[in-house]
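Structure, as structure tokens:
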Amino acid sequence: MTLEEIKNVIIEIIQDIDEDADLSSLNPKEALRDQLDLDSMDFLDIVMELRKRYKIQIPEADYPELASLDSCVNYLGPRLQSS
Amino acid sequence: MSSYSLIIIGGGLSGLAAGIRFARFGENVLILEKHSRIGGLNSYYYRKGFLLETGLHAITNFAPPDVKSAPINRLFRQLKISRQQVGFHEQFSSRIYFQDRPTLHFSNDFNLLKDEISRHFPESIDRFISFVSEIDRINAFVPGPHVSARKKILAALNNKLLTDMLLCPLLFYGSSEENDMDFNQFIIMFRSIYQEGFFRPDGTMKDFLQLLKQKYINFGGKIRLKTGVNNIISSSENKSFIQGVRLHSGEEITADFVLTTIGYPETLKLLNNNTSFKKNKIDSLKGKLTFTESIHILPAETKNKITSDQTIIFYNISDHFRYEKPAEAVDINSGVICFPENFKDLPEKDIFQLRVTHQANYDIWKQASINRESDEYVNMKDSWNQKSVKTVSKIIGNYQENVVYEDSFTPVTIEKYTGRAQGAIYGSACKLKDGKIRNEYGAYENLYIAGTDQGYLGIIGSMLSGVSIVNQHILGKV
Ligand SMILES: Cc1cc2nc3c(=O)[nH]c(=O)nc-3n(C[C@H](O)[C@H](O)[C@H](O)COP(=O)(O)OP(=O)(O)OC[C@H]3O[C@@H](n4cnc5c(N)ncnc54)[C@H](O)[C@@H]3O)c2cc1C
């Protein structure tokens, strides 16, 4: 998967969690939580959805790596390369 | 022998919510429900062609769709339920009626309650407002030691009557303790009832349960009805590790995790073959507070004859409001009168219902029900119903001669259909906030509790409990 594809996957997952979220103007460097009306319960959904789709395990200690769109892509890049 | 990632004991609201949450991510989960129908305390039954709901006076936690952080919206997001699928009909308004005292009205607009307090309790309004801003700042979900809500409110408001009146609806709608509740629980309920408010879905409880069941099945969840769990099996090497469950039929099913929603003392009973929980410990954990409920069906015209412009009336006609196990079979000095049709924009019907709840004494009802040959239990139901109708008529006007059909249930009925010990709707007074169950060696490693005895109850509370225990302890760990 390319980095661009990974980014799109994340956006698609977030859109699925919150249909009304406006994702067109997301700043990829800023924390997702500060830009979206989502809480920690919702963030667990991103982890679980990635696991369901790509069978990747994200340990709890790594959750902070998913803070912004850019950090998601950086973290997931090597892990999703093969799929 | 079949095996699952998660077995959920109980197909009530917390079990269904937990199941949907887990199945949503493709995990393999089985709900085991003893009864022939899902829903538990909040279910329905048929009599004489009428569909009668056993729970659902009103759903709490009303919030508009744009308040994303509101519990109801978070819950629906977590379960992937859309608000359109459920439908929202807000209450008209409700009131707290204490005889010979000023009445307090409240609605889904919190300002109404503030105005009422400033009108009838002018000396307390400033204190009330600063109390509200104090509790607004508290995170009530952080587990902590038990703090008496009554003492806190009394200290803040310095008015016993106002304290009793504000506590009355909250105790009736969710306290497992006599005359009091934990302060955090109070804050959660204060928000869900006074600051957010009541609504009803488009359909009946049956429709709501159907929606949940369909969600669950569509995500791949499995459910077995008429399948009671007889005991929970722990490993012989490690007494704190659960291997699975044994059904009443003798069949065994293994699981990585077990989530119980049937209550704390009820669960200890199922664990009893491997650890020795003393019978008196289990008995002391059983809830004491229980209720009778009667449902009266009236022709639509009767609506004009009685005071029925409100949704729920919480009343008390004695000098001191008591929320405790009564000395008699039923305490008609206080109760809840609910008009389930009085929500905005519900379709017109040719009948309307009245539902009345009173505190009751389990032991007296149980004693009367033991001898099946005698009519004692049935006669007792009749005579208490008549006393209740008489009292309620004084508050809302006479409706007795118009009743088309009526039915009532007692603590014994609740115990029989839900397995809740002593018919205690709000469960044990001892809550397991962290979701863990302990034996003499420590906490069980893969057994958790959700629903009523985790500490969150009511329709929304128990569902949130199911979701949050799965999130915290089970999702991602299989
Ligand atoms: C008359 C009445 C009115 C109510 N009104 C309202 C209201 O207006 N608003 C509101 O928010 N809440 C209301 N409630 C409260 C609400 O119904 C409950 O708080 C909520 O449904 C509790 O859900 P639960 O999942 O914790 O427990 P339960 O519903 O008790 O679920 C437990 C399930 O486990 C099953 N079970 C038990 N033992 C076993 C076993 N050994 N094996 C397999 N299955 C087993 C039971 O049959 C049951 O289905 C009302 C309740 C009642 C009784």
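The values are calculated or read from the model by the stated rules, or taken from the named source; none is laboratory data. Here the structure is a predicted model, which means the values were calculated and not measured. Backbone-built Cβ (ideal geometry, glycine too); neighbour counts: all protein chains shown.
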Go through (1) buried (at least 19 other Cβ atoms within 10 Å of the Cβ); (2) in a loop (DSSP other than H, G, I, E, B) for B:Glu293 and report which single condition fails.
(2)
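Assess whether A:Glu4 counts as being without any contact (Cβ under 8 Å) to a residue 24 or more places away in the chain, away from chain B (no Cβ under 14 Å), under 20 Å from B:Arg24 (Cβ atoms) and assigned to a helix (DSSP H, G or I). First the steps, then the outcome.
Numbers: without any contact (Cβ under 8 Å) to a residue 24 or more places away in the chain: yes; away from chain B (no Cβ under 14 Å): yes; under 20 Å from B:Arg24 (Cβ atoms): no; assigned to a helix (DSSP H, G or I): yes.
No.
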So B:Tyr444, is it assigned to a strand (DSSP E or B) and modelled with pLDDT of 95 or more
yes
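Given B:Thr103, B:Thr163, which one is within 23 Å of B:Ile395 (Cβ to Cβ), surrounded by fewer than 18 Cβ atoms within 10 Å (Cβ to Cβ) and of a type in the set (Val, Ile, Thr)? Spell out how you get there, then give the answer.
Details: B:Thr163 fails: surrounded by fewer than 18 Cβ atoms within 10 Å (Cβ to Cβ).
Going through B:Thr103, B:Thr163 in turn, the sole match is B:Thr103.
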Taking B:Phe92, is it out of contact with any helix residue (DSSP H, G or I) (no Cβ under 9 Å at 6 or more places or on another chain) and away from chain A (no Cβ under 14 Å)?
yes
Tally, over segment A:50-73, of residues that are more than 14 Å from chain B (Cβ to nearest Cβ) and surrounded by 13 or more Cβ atoms within 10 Å (Cβ to Cβ)
8
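Here is a list: B:Asp407, B:Asp453, B:Asp434. Which entry is in contact with a Cys (Cβ under 9 Å, 6 or more places away or on another chain) and either within 14 Å of chain A (Cβ to nearest Cβ) or touching a residue at least 40 places away in the same chain (Cβ under 8 Å) (or both)?
Working: B:Asp407 fails: in contact with a Cys (Cβ under 9 Å, 6 or more places away or on another chain); B:Asp434 fails: in contact with a Cys (Cβ under 9 Å, 6 or more places away or on another chain).
The unique qualifying residue is B:Asp453.
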